[in-house]
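One structure is given here, and the rest of the page talks about it.
Bear in mind these aren't lab numbers, they're just calculated from the coordinates by the rules spelled out. Since the model is a prediction, treat every value here as computed from it, not as a measurement. Because the Cβ atoms are built from the backbone with ideal geometry, glycine has one as well, and the counts that use them run over all protein chains shown.
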Amino acid sequence: MRICPKCLSKYEDDLNFCLACGAMLENSSSPDPNSGKPFSADNCAPQPVMHELKPAPLTKPSGRQCPKCGSAFIIPNRKIHRDGEGIGGVYVYADAAPDALIFKERMKVSLFADICGECGHAELKVENPRSFYNHYSQSKNHP
């Protein structure tokens, strides 16, 4: 008989892990919770050692500087996506004819971010900013 050290479920000797919680099962020599014997440090199953994750060391700076904390550890030009799989980016639109019902003469550009590797500050920017501004400035609603 094997007993799960985590949830105390009982299993036959042919299983090596608990079907309820996934923990590794103990041999039949482990304490039986129904035996009346109290658990102690001597008869408890050893618990797995949890190691604290340490941040990876920062690599060579990019030459840019974070405007918030001054760090040189910048992740440049990361394209922004709507989901984690990289399908379908996030865009900004400018319409040259925003009041038109159909033909708005829309221009769309992708968003990119520069991200600080120390404080997490992110700055957004668009691709082709000059042509995007020129398209926007042609708008009838442009001030």
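Assuming R0 = 41 Å, can you tell me the calculated FRET efficiency for the pair residue 77 and residue 103, based on Cβ-Cβ distance, to the nearest 0.05?
Computed FRET efficiency for residue 77 and residue 103: 0.80.
Segment 74-137: percent of C-alpha pairs farther apart than 13 Å?
When all Cα pairs of segment 74-137 are counted, 68 percent exceed 13 Å.
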